[in-house]
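Written below as structure tokens is the structure these notes are about.
The values are calculated or read from the model by the stated rules, or taken from the named source; none is laboratory data. Bear in mind the structure is a predicted one, so any value in this text is a computation, not a measurement. Counting neighbours? That spans all protein chains shown, and the Cβs are built from the backbone with ideal geometry, glycine included.
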Ligand code: ADP
């Protein structure tokens, strides 16, 4: 029945985990995933740039030098200066229009100052004569549909290419952060893809690492470096030829804006949500370099993500069901941490993007779903325990009451029997041998019964917490002598010698009745459990401010396993139970209780067949 219930719980839990995974998979959790994606950038070591790209920025410094945006003449100068240094290609994102410095939402800033149509045509012919110049626009168009592209009049006749800069605006995380690079549009590689394939020797877009389809495009996740990795040269410096010779030789040179004046010239990155976190110029360098180095991040297969989610949910479930709450919490936390570590390392060193949002969320859901279930289960268990406990307590109380009543009621008739025996024994002469022996046996049995009854009474006093110490200043040695005296006769009858070696001691505060009971029990046991004609040694000494009393015998000894139990209520060793030696198993329990009431300790040291030594230690000051 229980087994079946366990099986059912197990099957239901697995079903829950699988169901949860399927349901969670319906929610892409883009925003959460992007946060976790970006966090990995912060932990990741930077990829070194390829050194094939140089950027030139129209920066604040240039604006200060010109005291305005550069005009067509200065743009021509810039192109010529770079061209003389033999670059591989010049890519300009400046949009040559006659309008002055003004942003355009969907394009790069227009930075030609009051340019007349004549100056503009001179600029265009300079571009054409230099040859390897591409003018790029942010508008997305394929070369085959270039006619439909919204290319301004001023650019007609030039090599105009599309370099779109995407951001998660309406799709994915919708947080306006730029993470992706479009590499193909309408089945045609985009400009940067074309360039990169030439550089890195790949033959097709399919070979680009981490490529995925999105609507009519194909894209990759850009390996963005921290802003400032690609340091741009200043427009004015380059136009005036203030740059180290060879700076552009054989390089791809990208020209762009970084004046901090227009928000449209900047993107937000995984490193920062600031609207001007990185210039589009630098972001383009990152896009192109990711492609050249073929270093985009590759998202793991959806099935692998689901397996991670299932695995981690199962682990959480195991932790909640099988471990203690603290252990469970540590386990769940550690497995989440380990999963995070695996994701971070895969991202940093293998360029693998393992989805984290679903597995982490499933930990959370599983934890909070199963914890209440476990609480209910535990509550029920503890309620059952409580019920059982109450019942046991009642039974225990009934037993105590019964023993108490019985002992009290037995005491009077017992005293009467003893009195009668004493009377009968007064006139021994009238009794024959058999009668005398019978009376002696009655006497002995009533004594044993008396001891038993007083043990039971003591026990019920202890259990009802009635025992109070009546402290008096007494010499332990004196009590020991009285006890030995009491038992000497029975010992002698069996040829057992009781020897004492008592060191003179100061009197200490104690309850003499209780201590007498303790010592009587030890001496009586030593006699009871020793063979005839042996010796018992009782010693006292003062050690470290404590009085130590030892009772050693040459009896059958106590095994190690029994030593751990002899101080328990009603415990008797199997040897003792099998023998004819009478006992209740209460003596040592009471002795321990009484010694501990005096803040003392009682212990036993014994080897089977080597005798036993019981030690009582009592503190000198109570
Ligand atoms: P009992 O009334 O049975 O003597 P105790 O509580 O005094 O009960 O002792 C518990 C058990 O410890 C005894 O039944 C016996 O088995 C064992 N025991 C106690 N003292 C000795 C001893 N000196 N030598 C061997 N066994 C002992």
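Taken over the stretch 483-534, residues that are more than 27 Å from residue 589 (Cβ to Cβ), within 16 Å of the ligand (Cβ to nearest atom) and surrounded by 12 or more Cβ atoms within 10 Å (Cβ to Cβ) amount to 1. It is to be established whether one or more residues within the stretch 369-376 are over 48 Å from the mean Cα position of the chain (by Cα) and either on the phi > 0 side of the Ramachandran plot or in a helix (DSSP H, G or I) (or both). No, every residue in the stretch 369-376 fails to be over 48 Å from the mean Cα position of the chain (by Cα) and either on the phi > 0 side of the Ramachandran plot or in a helix (DSSP H, G or I) (or both). Picking from residues in the stretch 571-593 that are touching a helix residue (DSSP H, G or I) at 6+ places or on another chain (Cβ under 7 Å) and exposed (fewer than 15 other Cβ atoms within 10 Å of the Cβ), the one that is modelled with the lowest pLDDT is 582. All conditions in (1) loosely packed, with under 13 Cβ neighbours inside 10 Å; (2) modelled with pLDDT of 90 or more; (3) in contact with a helix residue (DSSP H, G or I) (Cβ under 7 Å, 6 or more places away or on another chain) hold for residue 417, with the sole exception of (1). For the residues 255, 281, 291, the requirement of being touching a helix residue (DSSP H, G or I) at 6+ places or on another chain (Cβ under 9 Å), under 27 Å from residue 33 (Cβ atoms), touching a residue at least 24 places away in the same chain (Cβ under 8 Å) and crowded, with 22+ Cβ neighbours inside 10 Å singles out 291.
If we scan the stretch 594-605, do we find a residue that is within 8 Å of the ligand (Cβ to nearest atom) and surrounded by fewer than 20 Cβ atoms within 10 Å (Cβ to Cβ)? Yes - at least one qualifying residue is present in the stretch 594-605. Considering (1) loosely packed, with under 15 Cβ neighbours inside 10 Å; (2) over 26 Å from residue 350 (Cβ atoms), the lone condition that residue 302 does not fulfil carries the number (2). With the structure loaded, tell me whether residue 616 is under 50 Å from the mean Cα position of the chain (by Cα), near the ligand (Cβ under 8 Å from one of its atoms), buried (at least 19 other Cβ atoms within 10 Å of the Cβ) and not in a helix (DSSP H, G or I) or whether it fails that test. Judged against the criteria, residue 616 is not a match. The set of residues from the stretch 574-592 being near the ligand (Cβ under 8 Å from one of its atoms) and within 19 Å of residue 615 (Cβ to Cβ) comprises 587, 588, 589, 590, 591. Does any residue of the stretch 20-32 turn out to be assigned to a helix (DSSP H, G or I), in contact with a strand residue (DSSP E or B) (Cβ under 8 Å, 6 or more places away or on another chain) and over 22 Å from residue 370 (Cβ atoms)? No, the conditions are met nowhere in the stretch 20-32.
State yes or no: is residue 568 in a loop (DSSP other than H, G, I, E, B), closer than 17 Å to residue 601 by Cα, within 13 Å of the ligand (Cβ to nearest atom) and in contact with a helix residue (DSSP H, G or I) (Cβ under 8 Å, 6 or more places away or on another chain)? So residue 568 fits the description; yes. Here residue 553 clears all of (1) near the ligand (Cβ under 6 Å from one of its atoms); (2) modelled with pLDDT of 95 or more; (3) within 51 Å of the chain's Cα centre (by Cα) except the condition numbered (3).
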